[in-house]
Amino acid sequence: MLYVAVRQGRVLCFDLRDPGDARRWGSLAAGDSFHRDVRSVSLSSDGARVDLPLPAGFRSPRYSAEVVRSRDGELVAEQVSVEDRGEEVRLTLYARTRRFRVDVSRRAS
């Protein structure tokens, strides 16, 4: 489950495993103004919830989120990332393990 805290004090919820919610997320994420209003995102699964606040210095963030499945279609993880000017922070929450990973990367100039 993806939770998105926005500037207006609301929290939007998206079940990325549900095709309708995934389309709704994709529609919102396609708009530039939406990204400016996001303050933090969270992933929740199997009793674990992990937050990804807006990183300091990110002035024009772009968020993306997806479900990661194995070749046979089994849920492996959910991922959310925020990117700004070639820097990316990616949060991965693995299914059924309550384990997560944070990756920070910078695109070469």
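The values are calculated or read from the model by the stated rules, or taken from the named source; none is laboratory data. Here the structure is a predicted model, which is why all the values come from computation and not from measurement. Cβ placement follows ideal geometry from the backbone for every residue including glycine, while neighbour counts extend to all protein chains displayed.
Observations on the structure shown:
- Evaluating VAL11 against the criteria (1) free of Cβ contacts under 8 Å to residues at least 12 places away in the same chain; (2) β-branched (Val, Ile, Thr); (3) under 15 Å from GLU78 (Cα atoms) leaves one unmet condition, (3).
- When residues of segment 5-54 are limited to those that are buried (at least 18 other Cβ atoms within 10 Å of the Cβ) and of a type in the set (Ser, Thr, Tyr), the one farthest from VAL104 (Cα to Cα): SER45
- Scanning segment 6-33 for residues that are modelled with pLDDT of 95 or more and in a strand (DSSP E or B) yields VAL11, LEU12, CYS13, PHE14.
- Single residue of segment 97-109 satisfying the filter (surrounded by 11 or more Cβ atoms within 10 Å (Cβ to Cβ) and over 15 Å from the mean Cα position of the chain (by Cα)) that is nearest to PRO55 (Cα to Cα): SER105
- Residue among VAL89, VAL67 that is among the β-branched types (Val, Ile, Thr), under 16 Å from VAL4 (Cβ atoms) and either surrounded by fewer than 17 Cβ atoms within 10 Å (Cβ to Cβ) or free of Cβ contacts under 8 Å to residues at least 24 places away in the same chain (or both): VAL67
Each row is one residue, and each column tells you yes or no for (1) touching a Ser or Thr at 6+ places or on another chain (Cβ under 6 Å); (2) over 23 Å from PHE100 (Cβ atoms); (3) of a type in the set (A, V, I, L, M, F, W, C); (4) touching a residue at least 40 places away in the same chain (Cβ under 8 Å).
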| residue | (1), (2), (3), (4) |
| --- | --- |
| ASP15 | no, no, no, no |
| ARG36 | no, yes, no, no |
| ASP51 | yes, no, no, no |
| PRO55 | no, no, no, no |
| GLU74 | no, no, no, no |
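- Boolean, ARG62 is in contact with a helix residue (DSSP H, G or I) (Cβ under 8 Å, 6 or more places away or on another chain), free of Cβ contacts under 8 Å to residues at least 60 places away in the same chain and of a type in the set (Lys, Arg): yes
- Meets criteria (over 17 Å from VAL82 (Cα atoms) and small (Gly, Ala, Ser)) for SER40: no
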